[in-house]
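Here's the structure, in structure tokens; my notes come after.
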Amino acid sequence: MSTNYDRYAAALPLASFYILVAVERRPLYAYAIQEQIRHDSDGAVALGRSSVDSAIKRLESWGFIALDAASSYQDSRRGASYTLTQAGQTRLKHEIAHLERAARIGRRTISASS
């Protein structure tokens, strides 16, 4: 696990947030993660495979996701499946709270300037 990054100090990149949301439900392989993100965002977020792969590597190095041993070997054509770790679940909850606070601030700012 990388020690250069305080995994709770800064907001996650959008791609990382969506990946945590996607694998929270069930283990998914990279292409299925891409499709889940597209679905969850109503098509507003469409990540390329290299973006997803890079984000997966980062999230795995931070300990937020891990290879899912039970499903990774069921279909070798699809490659490894990833699942949310306990640390990832904690980080996802932290990120959701952060985004909710940011949205409240934004709504207050817009209301005050209207």
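The values are calculated or read from the model by the stated rules, or taken from the named source; none is laboratory data. Given the structure is predicted, the values throughout are model-derived calculations rather than measurements. Note that we place each Cβ from the backbone using ideal geometry, even for glycine, and neighbour counts take in every protein chain shown.
Is it the case that some residue within the range 17-27 is at pLDDT below 95, hydroxyl-bearing (S, T, Y) and either touching a helix residue (DSSP H, G or I) at 6+ places or on another chain (Cβ under 9 Å) or not in a strand (DSSP E or B) (or both)?
No, that holds for no residue.
When only residues in the range 41-71 that are under 11 Å from I19 (Cα atoms) and touching a Gly at 6+ places or on another chain (Cβ under 9 Å) count, which is surrounded by the most Cβ atoms within 10 Å (Cβ to Cβ)?
Selected residue: I65.
Looking at T109, is it at negative phi, not in a helix (DSSP H, G or I) and not hydrophobic (A, V, I, L, M, F, W, C)?
Taking the combined requirement at face value, the residue does not satisfy it.
Please pick out the residue among G79, G63, G88 that is of a type outside the set (D, E) and at pLDDT below 95.
Going through G79, G63, G88 in turn, just one is of a type outside the set (D, E) and at pLDDT below 95: G79.
What do you reckon, is S54 of a type in the set (G, A, S) and within 16 Å of G79 (Cβ to Cβ)?
Taking the combined requirement at face value, the residue satisfies it.
Which of (1) of a type outside the set (F, W, Y); (2) surrounded by 14 or more Cβ atoms within 10 Å (Cβ to Cβ); (3) at pLDDT below 90 does R38 not meet, given it meets every other one?
Unmet for R38, out of (1) of a type outside the set (F, W, Y); (2) surrounded by 14 or more Cβ atoms within 10 Å (Cβ to Cβ); (3) at pLDDT below 90: (3).
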